[in-house]
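Accompanying notes for the structure given below.
The values are calculated or read from the model by the stated rules, or taken from the named source; none is laboratory data. As the structure is a computational prediction, the values presented were derived from the model and not from experiment. We place every Cβ from the backbone using ideal geometry, glycine too, and count neighbours over all the protein chains shown. Heavy atoms of the whole protein, side chains included, go into the accessibility calculation; ligands, DNA and RNA do not. Shrake-Rupley method; radii C 1.70, N 1.55, O 1.52, S 1.80 Å.
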Number of protein chains: 6
Amino acid sequence: MRIAVCPGSFDPVTNGHLDIITRASKTFDKVIVVVSRNSSKNYMFTIEERMEMLKVSCAGLDNVEVDCFTGLLIDYMTLKNAHVIIKGLRAVSDFEYEMQMALMNRKLNQDVETVFMMTNSKYSYLSSSIVKEVAKNGGCIKGLVPDLVGEELLKRFNIGG
Amino acid sequence: MRIAVCPGSFDPVTNGHLDIITRASKTFDKVIVVVSRNSSKNYMFTIEERMEMLKVSCAGLDNVEVDCFTGLLIDYMTLKNAHVIIKGLRAVSDFEYEMQMALMNRKLNQDVETVFMMTNSKYSYLSSSIVKEVAKNGGCIKGLVPDLVGEELLKRFNIGG
Amino acid sequence: MRIAVCPGSFDPVTNGHLDIITRASKTFDKVIVVVSRNSSKNYMFTIEERMEMLKVSCAGLDNVEVDCFTGLLIDYMTLKNAHVIIKGLRAVSDFEYEMQMALMNRKLNQDVETVFMMTNSKYSYLSSSIVKEVAKNGGCIKGLVPDLVGEELLKRFNIGG
Amino acid sequence: MRIAVCPGSFDPVTNGHLDIITRASKTFDKVIVVVSRNSSKNYMFTIEERMEMLKVSCAGLDNVEVDCFTGLLIDYMTLKNAHVIIKGLRAVSDFEYEMQMALMNRKLNQDVETVFMMTNSKYSYLSSSIVKEVAKNGGCIKGLVPDLVGEELLKRFNIGG
Amino acid sequence: MRIAVCPGSFDPVTNGHLDIITRASKTFDKVIVVVSRNSSKNYMFTIEERMEMLKVSCAGLDNVEVDCFTGLLIDYMTLKNAHVIIKGLRAVSDFEYEMQMALMNRKLNQDVETVFMMTNSKYSYLSSSIVKEVAKNGGCIKGLVPDLVGEELLKRFNIGG
Amino acid sequence: MRIAVCPGSFDPVTNGHLDIITRASKTFDKVIVVVSRNSSKNYMFTIEERMEMLKVSCAGLDNVEVDCFTGLLIDYMTLKNAHVIIKGLRAVSDFEYEMQMALMNRKLNQDVETVFMMTNSKYSYLSSSIVKEVAKNGGCIKGLVPDLVGEELLKRFNIGG
């Protein structure tokens, strides 16, 4: 079975993320979407909230699981017997950073391959941070995130209620 | 009347910004230079100081106004009946970020168009942050910022007096 | 009156070109779409055919004219009293080439400004040459070019009749 | 079974191509390497020679086949019941062109997904044309192409014998 | 004597840095590796520790010195009678930032020239921060940093003892 | 003695080329500007004419020689005991192509190092081909090429006499 892992911070998951996860689910036998516990960045949502939003959003995709990990992605993959990392590409700057990460991961484990998939061009401008910025300022985020996520964002910013 | 809006943080305005503002003022009937109140970044100058420096620097351009806004740029534009956002381009990394912002703004309001204008190549290396870095270390910033701004920067760093 | 010139080879015009022309027509008082007579490249359509396809495709845009020119674009603009060149941007490689051309045109005439507008992201992959390649091999080009252009392409490749 | 198609002109196959083909063969159940018959470019080797060199070079990879096609890649894929296109990435310019092709192919057939894999960084400078240029001028191409290909190139340039 | 200066934060020095320093030492008569005292960033190692690791790592290169500076690099260079700044390039994003710095330094002192040298492609993914991230999570960093630096990193993260 | 080689087609030499050659002449003990005899491209000027224009243009630079070569640059450099290749950088697309060439040359000869120098930003849009295009269409090329070259270009296009 071909298992692919789709890592990210998903703070929160956007329709661009879901687009890539859906494409991955058609291309590999099983896809594990994983949220990293490591980062020292400040997140809006806790890791549990982010996983919950992912689970609800991916409910219709039978071969997709949601999980989280601590430590190195490469170690998590060995544990899960997964050999493919999925990364979505939007732009050149994405590409360079992801290439650096992919080469490092290859150095750490030669059996792991990173494959890049392309977001639908209608999501090419989408990122979790731009969605949060728009929501914070009262802009309409319909169509940019799953409905559930939209509601959570509005609650955080005390809008719409 | 064709009204264009030129947004930025202008902390402080540089000769590169003025170059773009001047080009915009020749290309559109009216240009509003706006400083955003939103950002959570730390600025060296208050919003009032930044607006004041912009006003003095743009004094010779009859069809240019200076203003500030809170919330979404797209809402400010509706208020002002403006349909064009002006962004200056220096480099590829500028371009990608600005493209993302422009696509998001287009999603939020289809009637707003972002147009990109090119800085004079002699300012291609200029940014507010590099100017502050140079001034802080006692480097000569003549020709990089309006004289008034140069004096303000020297005061902040207790230089030259 | 703000006159903008939108130059290109348009061999043939695509929906990506029309997207930019439409945006330009809303942003400036008058837009002249011009086909260059200079190039030594081999074209599929004659300059008259290319102009005719443009005219039919732009028929609904009242402030858009179609023309052609010989020599330097900058000289044509002086003749027409136009001060703005419109270029559509899709990708980074576009950007660099267009930046080079814009700087050269600025050197040749300081009063001419190049402004860049962004294609709808759904056309980000579109170019005249890729459309011709697809049509030549019998692929469906519906939605990529105006209907009239689609029919002309099929005739050239002896398809569909 | 997950079938991936790896298209190219392979004039001739290099060790960079083989690196990507090998990675693809580990990531998918079956890989078909296909040489296009369409292009109007001038090639050094005939399509039969290019296929022969690929076959010998891929002999050790059990799940890799070599084939050629006429027309659209997307039609070939339907015929073979393949849903994945593999493209190797070396640099930013690769990336933009391939992204354009991938979006066009997705438009032509929504069920086909392009996945990008990264060349070993030691081959990041390698291309068929640079290898031919070096060989033509008598430079050493050992390690850049399979031995068989190296011998064929030397024969063409009447070197070494 | 041609003196070149190789500035950086070196927190800590990696094998990618050493690769560039070694190439510089063969290309110029004398190379001074300098650590800046200015930055407001948080570093893992003190400036003394970073210099010490550089000194041990460069011990085999006779014409290389290690130093630090406060203020503007350009002023330090005048002091040392050095006219060449060496910067290593890995990727496009490096390139744009370094180009901006180089143009600013040229503006500050016309006699100073920045030259860019290319890292060995096997280090193209290497940076101090990615090495720290891997070490922190228990990944193997052998071959990425000098042995001494590897030991220091393990000590910091309480690993391996 | 540090000998640097500055290769190119120089068809014809522009002020951008001269800017790089001048900077190189200050950075290395001796600079050899070499025109390649290999290329299958069509040139406007013969190799002798291109060398002559270079010689006149570089007459004021004491440590600069002009030469031509056949075959591989790397072999020419061994012959001349030169270890440094100088390349001018203007833009990202330059950078990627040059990086590819530099890595190939390093593969062919480990003792040769390519160093990149940055053109004056006022020449960032300049290339031999754009100058020829402008001259052909009667545009003013003053300031873009040495006077001698300007006169030669006008003669070719039967202008100005």
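Kindly evaluate E:T70 against the criterion of being surrounded by fewer than 21 Cβ atoms within 10 Å (Cβ to Cβ), touching a strand residue (DSSP E or B) at 6+ places or on another chain (Cβ under 9 Å) and closer than 30 Å to B:C140 by Cα.
Values: surrounded by fewer than 21 Cβ atoms within 10 Å (Cβ to Cβ): yes; touching a strand residue (DSSP E or B) at 6+ places or on another chain (Cβ under 9 Å): yes; closer than 30 Å to B:C140 by Cα: yes.
Yes: the conditions hold for E:T70.
Within the range D:89-103, can one find any residue that is among the small types (G, A, S), open to solvent by 20 Å² or more (accessible area, probe 1.4 Å) and touching a residue at least 12 places away in the same chain (Cβ under 8 Å)?
Residues of the range D:89-103 among the small types (G, A, S): D:91, D:93, D:102.
In the following step, the residues that additionally are open to solvent by 20 Å² or more (accessible area, probe 1.4 Å) were identified as D:91, D:93.
Going one step further and asking which of them are touching a residue at least 12 places away in the same chain (Cβ under 8 Å), we end up with D:91.
Yes.
Take residues that are within 14 Å of chain B (Cβ to nearest Cβ) and tell me which of the helices (runs of 4 or more DSSP H) falling wholly in the range E:1-101 contain 3 or more.
Details: elements: E:15-27, E:47-57, E:73-80.
Qualifying helices (runs of 4 or more DSSP H): E:73-80.
Mind checking which residues of the range D:14-32 are open to solvent by 20 Å² or more (accessible area, probe 1.4 Å) and more than 15 Å from the chain's Cα centre (by Cα)?
Quick first cut of the range D:14-32, residues open to solvent by 20 Å² or more (accessible area, probe 1.4 Å) only: D:15, D:17-19, D:22-23, D:26, D:29-30.
Once the filter is applied, which keeps residues that are open to solvent by 20 Å² or more (accessible area, probe 1.4 Å) and more than 15 Å from the chain's Cα centre (by Cα), the range D:14-32 yields D:K26, D:D29, D:K30.
Can you tell me which residue is surrounded by the fewest Cβ atoms within 10 Å (Cβ to Cβ) among those in the range C:104-161 that are facing another protein chain (nearest Cβ under 8 Å), out of contact with any Phe, Trp or Tyr (no Cβ under 7 Å at 6 or more places or on another chain) and assigned to a strand (DSSP E or B)?
C:E113
Restricting the search to the range B:33-43, which residues are at pLDDT below 95 and either crowded, with 16+ Cβ neighbours inside 10 Å or in contact with a Lys or Arg (Cβ under 7 Å, 6 or more places away or on another chain) (or both)?
So in the range B:33-43, the residues at pLDDT below 95 come out as B:36-43.
Of everything in the range B:33-43, just one residue is at pLDDT below 95 and either crowded, with 16+ Cβ neighbours inside 10 Å or in contact with a Lys or Arg (Cβ under 7 Å, 6 or more places away or on another chain) (or both), namely B:S36.
Residue under question is F:V56, and the condition is that it be open to solvent by less than 60 Å² (accessible area, probe 1.4 Å) and in contact with a helix residue (DSSP H, G or I) (Cβ under 9 Å, 6 or more places away or on another chain); does it hold?
On the way: open to solvent by less than 60 Å² (accessible area, probe 1.4 Å): no; in contact with a helix residue (DSSP H, G or I) (Cβ under 9 Å, 6 or more places away or on another chain): yes.
No, not satisfied.
Which condition number does E:T22 fail, the rest of (1) under 19 Å from F:D111 (Cα atoms); (2) modelled with pLDDT under 95 being met?
Unmet condition: (2).
Would you say A:N63 is in contact with a helix residue (DSSP H, G or I) (Cβ under 9 Å, 6 or more places away or on another chain) and either in contact (Cβ under 8 Å) with a residue 24 or more places away in the chain or open to solvent by 30 Å² or more (accessible area, probe 1.4 Å) (or both)?
yes
Here are E:V145, E:V134, E:V112, E:V66: which of them is farther than 28 Å from F:V112 by Cβ and at pLDDT 90 or above? Let's see the steps before the verdict.
Working: E:V145 fails: farther than 28 Å from F:V112 by Cβ; E:V112 fails: farther than 28 Å from F:V112 by Cβ; E:V66 fails: farther than 28 Å from F:V112 by Cβ.
Testing whether each residue is farther than 28 Å from F:V112 by Cβ and at pLDDT 90 or above leaves just E:V134.
Which condition breaks for A:G150 when tested against (1) more than 20 Å from B:N109 (Cα to Cα); (2) without any contact (Cβ under 8 Å) to a residue 24 or more places away in the chain?
(1)
Going through B:V35, B:V31 one at a time, which residue ends up being closer than 21 Å to C:V84 by Cβ and of a type in the set (V, I, T)?
On the way: B:V35 fails: closer than 21 Å to C:V84 by Cβ.
Answer to the selection: B:V31.
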